[in-house]
Amino acid sequence: MALDHEILDEKYRSWLSRIASTHHGANHRVNDEAGFARLSAPLERTTVALVTTAGAHVRGQQPFTVDDVAGDPTFRPIPGDVETADLRFSHTHYDTSSAETDPNVVFPIDRLRESAAAGRIGDVSSMHIGMMGFNPDPTEIADVTAGRVASILAEAGAGAVLLAPG
Amino acid sequence: MCHRSVGLVQGAIERAGIPTAALTLRPEITIHMNVSRAAYVRFPLGNPFGEPHRPGQHRLVLEDLFTLLETATGPNTLIELPYRWKRWGKWL
């Protein structure tokens with residue numbers, strides 16, 4: 001079934017107005033420029049990184065702040081060799097029970113390792129990123145966090161990045 | 001808001017020269033974020049790659065993202081994946 005853009009536009013306006021009316025200090029940002037980079041090598045020779053806004057962090061790292069109405073615009077670096085069982089999820093705006101029982105539903109690190117082992121991708125990045133997506137005012141995400149995340153993944157040698165929400 | 005955060009980070013990564021592909025469960029947000037490549041899947045929030053402990057399902061979704069990276073020809077490419085959630089009951 002093709003997506004009906006009139007319906008999507010209506011849902012988008014409704015979402016924006018809900019955020020504005022229910023969250024103090026709510027604001028909005030979109031990308032001025034989408035960007036469109038291309039793979040510089042076939043995926044079979046590309047290092048792939050993951051980013052999720054599902055509140056993922058590693059056991060022992062500072063959990064995300066979930067009791068602040070302003071959200072939490074910080075991020076957590078997740079090493080590529082993380083033990084999957086050490087992943088934790090701090091987020092109160094979606095049901096984290098699936099992620100807690102199997103982190104791969106939002107952060108498919110085991111599947112990515114299998115893809116590397118099978119030769120479908122070149123390698124699993126040495127660094128991935130966890131964020132907590134609830135941020136009524138996205139200014140700091142847009143102006144600070146996003147660029148830092150991009151730099152870290154570039155430094156880690158990621159040649160492609162896959163992203164998933166909570 | 002998770003989707004807006006994904007979109008903003010995705011844009012920064014692309015502008016840094018690294019190609020990206022994102023999953024979305026809320027296409028109404030994603031189509032307005034101005035991003036490179038996204039795949040809409042009709043799964044509930046918290047489960048973008050599918051149900052827990054169904055690695056075969058996760059693999060299909062992951063492969064679709066790989067394919068999207070390989071085949072998209074320009075920004076604001078949004079595809080819809082054909083999978084359906086089996087247990088919507090508790091989410092309705």
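The table below lists the values:
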quantity: Hey, A:ARG18 of a type outside the set (Asp, Glu) and within 28 Å of A:ALA117 (Cα to Cα) or not; calculated: no
quantity: Answer residue from the stretch B:31-58, given it is among the basic types (Lys, Arg) and within 16 Å of B:GLU80 (Cα to Cα) and is surrounded by the fewest Cβ atoms within 10 Å (Cβ to Cβ) among those; calculated: B:ARG42
quantity: Subset of the stretch A:54-64 (residues that are touching a Leu at 6+ places or on another chain (Cβ under 8 Å), surrounded by 21 or more Cβ atoms within 10 Å (Cβ to Cβ) and not hydrophobic (A, V, I, L, M, F, W, C)); calculated: A:HIS57
quantity: Where a residue in the stretch A:101-126 is more than 16 Å from B:LEU60 (Cα to Cα) and of a type in the set (A, V, I, L, M, F, W, C) and its partner, wherever it lies, is modelled with pLDDT of 95 or more and outside any helix (DSSP H, G or I), with Cβ under 9 Å and at least six apart; calculated: A:VAL124/A:THR47; A:VAL124/A:VAL48; A:VAL124/A:ALA49; A:VAL124/A:LEU50; A:VAL124/A:GLY80; A:VAL124/A:ASP81
quantity: Subset of the stretch A:128-161 that is facing another protein chain (nearest Cβ under 7 Å) and assigned to a strand (DSSP E or B) - its residue that is farthest from B:SER5 (Cα to Cα); calculated: A:ALA160
quantity: 2 or more residues of a type in the set (S, T, N, Q): qualifying helices (runs of 4 or more DSSP H) within chain B; calculated: B:2-15, B:55-71
quantity: Residue among A:SER90, A:SER98 that is of a type in the set (Ser, Thr, Tyr) and touching a helix residue (DSSP H, G or I) at 6+ places or on another chain (Cβ under 7 Å); calculated: A:SER98
quantity: Tally, over the stretch A:15-47, of residues that are in a helix (DSSP H, G or I), touching a residue at least 12 places away in the same chain (Cβ under 8 Å) and either crowded, with 18+ Cβ neighbours inside 10 Å or more than 8 Å from every other protein chain (Cβ to nearest Cβ) (or both); calculated: 4
quantity: Candidates B:ILE18, B:ILE31, filtered to the one that is free of Cβ contacts under 8 Å to residues at least 12 places away in the same chain, more than 22 Å from A:PHE89 (Cβ to Cβ), of a type in the set (A, V, I, L, M, F, W, C) and facing chain A (nearest Cβ under 7 Å); calculated: B:ILE18
quantity: Residues of the stretch A:90-100 that turn out to be without any contact (Cβ under 8 Å) to a residue 60 or more places away in the chain and either acidic (Asp, Glu) or facing chain B (nearest Cβ under 7 Å) (or both), as a count; calculated: 3
quantity: Flag if B:LEU8 is at the interface with another protein chain (Cβ under 7 Å from one of its Cβ atoms), farther than 15 Å from A:ALA146 by Cα and either of a type in the set (A, V, I, L, M, F, W, C) or surrounded by fewer than 20 Cβ atoms within 10 Å (Cβ to Cβ) (or both); calculated: no
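Table: residues versus (1) modelled with pLDDT of 95 or more; (2) under 24 Å from A:GLY55 (Cα atoms).
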position: B:GLU28; (1), (2): yes, yes
position: B:ASN34; (1), (2): yes, yes
position: B:VAL41; (1), (2): yes, yes
position: B:GLY46; (1), (2): yes, yes
position: B:GLY50; (1), (2): yes, yes
position: B:THR73; (1), (2): yes, no
position: B:LEU78; (1), (2): yes, no
position: B:ARG84; (1), (2): no, no
position: B:LEU92; (1), (2): no, yes
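The values are calculated or read from the model by the stated rules, or taken from the named source; none is laboratory data. Predicted model, so just to flag it, every value in this text is computed and none were measured. For neighbour counting, all protein chains shown are included, and Cβ atoms are generated from backbone atoms with ideal geometry for every residue, glycine included.
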